[in-house]
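The values are calculated or read from the model by the stated rules, or taken from the named source; none is laboratory data. Here the structure is a predicted model, which means the values were calculated and not measured. All Cβ positions, even for glycine, are placed from backbone atoms using ideal geometry, and neighbour counts span all protein chains on display. Keep in mind that these areas ignore ligands, DNA and RNA; they rest on the heavy atoms of the full protein, side chains included. Shrake-Rupley method; radii C 1.70, N 1.55, O 1.52, S 1.80 Å.
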Amino acid sequence: MRPLFYCNTCNKEHINVISRFKLIANVKDDSGEANFLLFNTTAQMIVRRTAAELYDENEDPDFLPEAVSDLFGKRMLFEISVDSDNIRGKSSQYLVHCANDDREMIEEFAALPHKPVLMLLASDEISDGSGGSSATPVSKRKSKGEEDNDVEDQLSVKKKQGQKKIKGE
């Protein structure tokens, strides 16, 4: 018999539930480590099984399924989002939008030259969202005098008065 699951929203116990992934992976590379949060569809990309399949096979709820533990030590490529809570230090988890373990793609990405990384010096240097810098694409049409401008001129940046800078290294 299936166990009962308690719902905090409706304050009832349920037998029929849909199993979904919420996988938190501690990811490490040469630059450090971070916790990545993978929800159902994204987690299935690398586990290659549905959460329902793993739940049905697993008799011990304290036991990590082999399909998940097989990921330990594996090289992967992740596309993540970094939101204001991550920058402010209010969240230590980064949401994964896409995960890939294709060896050729990983090697191709690893061979790319490293880009400089902006580093936040203090959490009080972050705007609360009410102002700050905004980047807006400039029109692709250029006047005759502007044709010699560099690629750096493809974005215009407006800065409001009183905002602090985030220094890059």
- Task: Would you mention how many residues in the stretch 57-92 are under 17 Å from Glu33 (Cα atoms), without any contact (Cβ under 8 Å) to a residue 24 or more places away in the chain and open to solvent by less than 60 Å² (accessible area, probe 1.4 Å)?
- Result: 3
- Task: Within the stretch 14-28, count every residue that is open to solvent by 100 Å² or more (accessible area, probe 1.4 Å) and either charged (D, E, K, R) or touching a helix residue (DSSP H, G or I) at 6+ places or on another chain (Cβ under 8 Å) (or both).
- Result: 4
- Item | Residue list for the stretch 93-108, restricted to those being in contact with a strand residue (DSSP E or B) (Cβ under 9 Å, 6 or more places away or on another chain), open to solvent by 80 Å² or more (accessible area, probe 1.4 Å) and outside any strand (DSSP E or B) | Met105
- If we keep just the residues of the stretch 29-56 that are of a type in the set (A, V, I, L, M) and open to solvent by 30 Å² or more (accessible area, probe 1.4 Å), which is farthest from Asp102 (Cα to Cα)? Ala52
- Message: With the requirement that a residue be part of a loop (DSSP other than H, G, I, E, B), charged (D, E, K, R) and over 10 Å from the mean Cα position of the chain (by Cα), what does the stretch 70-92 give you?
- Response: Asp70, Lys74, Arg75, Lys90
